[in-house]
1. Keeping the other protein chains in place, figure out the carbon and sulfur percent of the accessible area of the chain, with a 1.4 Å probe.
2. HN-Hα J couplings of the range 123-131 from phi, Karplus 6.51/-1.76/1.60, θ = phi - 60°, integer Hz, Gly and Pro as x?
3. Averaged per residue, what accessible surface does the chain expose to a 1.4 Å probe, in Å²?
4. Can I get the semi-axes of the range 7-131's equivalent ellipsoid? Compute them from the C-alpha gyration tensor as square roots of 5 times the eigenvalues, in angstrom, largest first.
5. May I ask you to list the lysines whose Cα is less than 16 Å away from that of LYS104, ignoring any residue fewer than eight positions away on the same chain?
6. Nearest 500 deg cm²/dmol is fine: what mean residue ellipticity at 222 nm does the chain get from its DSSP H runs of n ≥ 4 alone, each adding -39,500 (n - 2.57), divided by its residue count?
Amino acid sequence: VIGGGEFAGAAGALRILSVSLVFAVYGGLITSVLNVSLGRERDNLSATILGAAINCVLNLIFIPVLSQNGAAVTTLISEFFVAAFCLARVPDKYKYIDFRCIGKAMKNAVAGSLGIIALTVIVKHFIPGRIPRIGLIFTGSIFLYTAVLLVLRDEYLSGCIAMVTKQLKRQGCERK
């Protein structure tokens, strides 16, 4: 939309990088929050150095074959490596990390994402014009994703709703 047709070829790389974002976020939480508080900065350094080395070596292999998609794949692999390496090195990880909660959140995210994919396919099939499609997909995705999370009783969304409701009630009392 913003860059025009010249950037259409980057869509595949962006899709791959969106998956790597999951590993980057969880890896960042493990390295920045958990490992630092546990005094395990050496693990972070080792993971970062090894992840960078893996990325560089794989770039030499993947970029000539897959271009920008190859660079995105190597980023995905190295982000996964850093997260997995640091997670594997955390002692008593079950004491610090609720894997059931993370698993449920991931299932909810996948369900919401599948709904958005279905919405996108349907809208592209029936709505002509790029701008109306983008607007409808964008707006519809917000409502659809929220509805999926409500149906699945997502803990994070429930917490956000409770917090907003509490704040609105507090503001309503202050006005009276």
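1. 70 percent
2. 5, 4, 6, 9, 10, x, x, 5, 5
3. Normalised by residue count, the accessible surface of the chain is 70 Å².
4. Taking √(5λ) for each Cα gyration eigenvalue gives 32, 23, 9 Å.
5. Hits, sequence-local ones excluded: zero.
6. Result for the chain, helices only: -27500 deg cm²/dmol.
The values are calculated or read from the model by the stated rules, or taken from the named source; none is laboratory data. Computed from a predicted model, the values in this text were never measured in an experiment. Keep in mind that these areas ignore ligands, DNA and RNA; they rest on the heavy atoms of the full protein, side chains included. Shrake-Rupley method; radii C 1.70, N 1.55, O 1.52, S 1.80 Å.
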